[in-house]
Amino acid sequence: LGDQPVPAGNLEKNLQNLVVYGNIPAPESISLSFGTYGEYYYEANGKEINLRGDIDDLSAFKYLPNLRVVELVFQQILDISPLKGLNLTILNLNDNNIEDLSPLAEMKTLRELELAYNPISDIRSLKGLEQLKILDLSNTQLTSLAGIEEMGQLGELYLRSVPLKTLPEINQLK
């Protein structure tokens, strides 16, 4: 998804949902297993292949202004700044390498945000996401939920395996 123009046609005008989960194996008999660090592998024809996807560059998103749903799970994404300015309602970036959430600060249309399995330690830049109803921060490095108190529409919050010290922000939800 590098900085390559989208092929001619109406794709850039019509595409609203983009979903990519790792590297999808060919439709053949496969055997799935976990690696040492939670990596998924499949074995086909005696060869073990890592299922983590290769997407690490989101610069082509500037050609897809009508996207509403983006799910890029189990990829190699570090920088999400190319998503800035999109009017997404659902964003699933589970299992990447994302630390900086500031590009999401102005995504006022987001209703569902999944960021599990990322090395996130601060969510204060998300405090203005007032329409957010579902937030998954499981398996992150958060020690505080500072910023969550502004998310008045939040109905579901997932925090599995998060090293939080206290939860005072929960009491302050508007």
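The values are calculated or read from the model by the stated rules, or taken from the named source; none is laboratory data. What you see is a predicted model, and the numbers here were worked out from it, not measured in a lab. Quick reminder, even Gly has a Cβ in these numbers, built from the backbone with ideal geometry, and neighbours come from all protein chains shown. We work out accessible area using only protein heavy atoms, side chains counted, and drop any ligands, DNA or RNA first. Shrake-Rupley method; radii C 1.70, N 1.55, O 1.52, S 1.80 Å.
Listed here are the strands (runs of 3 or more DSSP E) enclosed by segment 70-149 that have at least 1 residues being of a type in the set (S, T, N, Q) and either farther than 17 Å from Tyr21 by Cα or open to solvent by less than 40 Å² (accessible area, probe 1.4 Å) (or both): 90-92. Pairs are defined by a Cβ separation below 6 Å, a sequence spacing of at least 6 or placement on different chains, a first member in segment 123-150 that is on the phi > 0 side of the Ramachandran plot, and a second member that is of a type outside the set (Asp, Glu) and assigned to a helix (DSSP H, G or I); the pairs so defined are Gly147/Arg124; Gly147/Leu126. Please find, within segment 150-171, the residue that is most open to solvent (accessible area, probe 1.4 Å) out of those that are β-branched (Val, Ile, Thr) and at pLDDT below 90. So the residue we want is Thr166.
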